[in-house]
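Structure record follows, encoded as structure tokens.
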Amino acid sequence: MLSIRALSKTYANGINALAGLNIDIQQGEIVAVVGGSGCGKSTLLRLIAGLDLPSEGQIRVDGEAVTAPHPAIGLVFQEPRLLPWLTVGKNIAFGIDQLPPDEQRRRVAQALVLIGLEGYEKRLPKELSGGQSQRVAIARALVAKPKVLLLDEPFSALDPVTRQELHGQMIALWKAYRPTLVMVTHDADEAVALADRVIVMAPKPGRIADEILIVSGRPRDHLDDSFGMARRRVLSALDLTMKPGESRLNDKIAAGAGSWW
Amino acid sequence: MSVTSAKSEARIASAEAAGSAFRVPAGLIGLILPLGLAVAYEFAVRAGWVEGRLLPPPSRLIATLAALANGGELWLHIGTTMARVGAGFFFGSLAGIVLGALSGVSLLSRQLLDPTLQALRAIPSIAWVPLFILWFGIFETSKVVLIAVGVFFPVYLGVTSAILSVDRKIIEVGRVFRLGRLAQIRRILLPAVLPSTVTALRSGLGLGWMFVVAAEFMGASEGLGYLLIDGQQLGRPDQIMAALVIFASLGKFTDAVLVAISRPFLRWQDTAAIGGQPQEL
Ligand SMILES: Nc1ncnc2c1ncn2[C@@H]1O[C@H](COP(=O)(O)OP(=O)(O)O)[C@@H](O)[C@H]1O
Ligand SMILES: [Mg+2]
């Protein structure tokens, strides 16, 4: 349902952030995008979200070309970016103010329960912790019921315990709304814990180095053998992308770990 | 900070106050110095240690104020000056907000307007007085225009820079949710620039009070500035000081009104100042 074809982005300053990406994502799939910093992960999400335009290539959601922010696509930034003058409830409803008030209230109430912040509706963002703010940001994107939700390192600023907790809630939210999720992370554990498929990106120019399918069901046990194996494969693919001069990157990984294709 | 912890802190503070004989309510601490000096000076004059002719003692000041108030004269002067400041502040801040918003929102208007306004700003505003008198006469118009000019610049600059410094990140939130240009302005830009706009209006108001004095110096038959000049010509320092006290009170009062009006809209701010008072850091 989300198809990315020959996607390239060269910024005005000449930096080639993405070069010739092809990705196809199924309805309801959870895809994690991992890679070192500067390999174009945020650029990729901004292009899908329609915040920036690609230099070349195309993005289609259900066959429709994305050239500007699209109603079917939501985005959660790395920082919560809540509006400080709105209460938690109004922040969550920010993107659905065209709906009837009753429906808005219903969706906000449901989202508050799912993110574990019942009773916080009237609070202001300044009264929230980082993890709570990020949950509100995720709820704000989800209540608009996007078909595709993009998340740019949503948990990277949080401590490991909070992060673990949010992983559980993320899956619960996904089960409630069933959006297609594309999540950028720099944490291999996080990618393997949540995703159906992990896309490993390499820098300069930003491109896909490897894709790893994770077939096990959820919830996933971190101590499980298959979890450890998947995690090692993601890490070794990441390792290879860090080494300069790996021209035949894809072949090596394919030979070494038996890639999914 | 949560409400409960603020409350418990208040409780701790009042418990401390009860425990210590030297503790004075926060608002009163600031009164110690001026009241102490006034009482000491009054005492010194009465004891005959100082003459007190050029600097009248508090009792004479109060008597002068009372006499002015009883004669009804005081209210006329206050009313006139307030009307001038009010009109000047209204027109000056209206122009400042409109042009500041234009400059902030549109690059073209900024390139068009800003250099000229910056050049005009380089003229010390009092220097306009002779020209304004030639253009608008010596009556109300020239006074109001001068005050408006004084109010305009801080408001214009404050609004422009407030708009230019709105965080690109929250503007992107509006873009992701596909807000139109008007909705973007109403739902993101306006609330985001409100705090700095209030600050700009407050400095504009302060300048308005400064300029009303200049305006009333240039020939007025009523107003607090007239009271100052009149006191000088009659050799009555008590009248001058009475006018100064009223200026100070009115300036503070109108600023407090502005703050009070804007406070309900600014509760969301997460700054070090709580209730308008900066906290000890
Ligand atoms: N707005 C921009 N203008 C110019 N260069 C940019 C811009 N945004 C990102 N880049 C460059 O593009 C590359 C990819 O950046 P980004 O997509 O943010 O990477 P990541 O999110 O993977 O860390 C980097 O080299 C970065 O410096
Ligand atoms: Mg990034």
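The values are calculated or read from the model by the stated rules, or taken from the named source; none is laboratory data. As the structure is a prediction and not an experimental result, all values here were calculated from the model. Methodologically, a virtual Cβ is constructed for each residue, glycine included, from the backbone with ideal geometry; neighbour enumeration extends over all protein chains shown. Areas reflect the complete protein model, heavy atoms only, side chains present, ligands, DNA and RNA absent. Shrake-Rupley method; radii C 1.70, N 1.55, O 1.52, S 1.80 Å.
Key figures
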quantity: Test: residue in the stretch A:54-70 that is of a type outside the set (Ser, Thr, Tyr), modelled with pLDDT of 90 or more, under 21 Å from A:His167 (Cα atoms) and assigned to a strand (DSSP E or B); calculated: no
quantity: Residues (outside any helix (DSSP H, G or I) and under 13 Å from A:Pro219 (Cα atoms)) located in the stretch A:172-201; calculated: A:Ala195, A:Asp196
quantity: Unmet criterion (only one of (1) open to solvent by 10 Å² or more (accessible area, probe 1.4 Å); (2) out of contact with any Ser or Thr (no Cβ under 7 Å at 6 or more places or on another chain); (3) part of a helix (DSSP H, G or I)) for B:Phe211; calculated: (2)
quantity: Residue match in the stretch A:14-22 (condition: away from chain B (no Cβ under 11 Å), open to solvent by 30 Å² or more (accessible area, probe 1.4 Å) and assigned to a loop (DSSP other than H, G, I, E, B)); calculated: yes
quantity: Any hit, the stretch B:245-266, residues being in contact with a Pro (Cβ under 9 Å, 6 or more places away or on another chain), open to solvent by less than 60 Å² (accessible area, probe 1.4 Å) and within 14 Å of chain A (Cβ to nearest Cβ); calculated: yes
quantity: A:Glu153, sole failed condition from (1) in contact with a strand residue (DSSP E or B) (Cβ under 9 Å, 6 or more places away or on another chain); (2) within 16 Å of ligand 2 (Cβ to nearest atom); (3) at negative phi; calculated: (3)
quantity: Meets criteria (free of Cβ contacts under 8 Å to residues at least 12 places away in the same chain and loosely packed, with under 15 Cβ neighbours inside 10 Å) for B:Asp270; calculated: yes
quantity: Verdict on A:Lys147 being more than 16 Å from ligand 2 (Cβ to nearest atom) and either open to solvent by 10 Å² or more (accessible area, probe 1.4 Å) or farther than 19 Å from A:Gly95 by Cβ (or both); calculated: yes
quantity: The lone exception for A:Leu117 - which of (1) away from ligand 1 (no atom under 16 Å from the Cβ); (2) open to solvent by less than 40 Å² (accessible area, probe 1.4 Å); (3) at positive phi it fails; calculated: (3)
quantity: Which listed residue, of B:Gly104, B:Gly92, is surrounded by 12 or more Cβ atoms within 10 Å (Cβ to Cβ) and over 23 Å from the mean Cα position of the chain (by Cα); calculated: B:Gly104
quantity: Some residue of the stretch A:10-27 being within 19 Å of A:Glu211 (Cα to Cα), under 13 Å from the mean Cα position of the chain (by Cα) and away from ligand 2 (no atom under 13 Å from the Cβ); calculated: yes
quantity: Residue satisfying all of: in the stretch B:53-97; in a helix (DSSP H, G or I) and of a type in the set (Lys, Arg); nearest to B:Ile240 (Cα to Cα) among these; calculated: B:Arg60
quantity: Whichever residue in the stretch A:32-47 is more than 6 Å from ligand 1 (Cβ to nearest atom) and within 14 Å of chain B (Cβ to nearest Cβ) and, among such residues, is nearest to A:Leu149 (Cα to Cα); calculated: A:Leu45
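Quick grid of which residues meet (1) of a type outside the set (A, V, I, L, M, F, W, C); (2) within 10 Å of chain B (Cβ to nearest Cβ):
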| position | (1), (2) |
| --- | --- |
| A:Glu56 | yes, no |
| A:Ala68 | no, yes |
| A:Phe77 | no, yes |
| A:Ala93 | no, no |
| A:Asp97 | yes, yes |
| A:Pro100 | yes, no |
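Per-residue answers, yes or no, for (1) in contact with a strand residue (DSSP E or B) (Cβ under 8 Å, 6 or more places away or on another chain); (2) at pLDDT below 90; (3) within 14 Å of chain A (Cβ to nearest Cβ); (4) open to solvent by less than 60 Å² (accessible area, probe 1.4 Å):
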position	(1), (2), (3), (4)
B:Ala6	no, yes, yes, yes
B:Pro25	no, yes, no, no
B:Ile29	no, yes, no, no
B:Gly48	no, yes, no, yes
B:Pro58	no, yes, no, yes
B:Ile62	no, no, no, no
B:Trp75	no, no, no, no
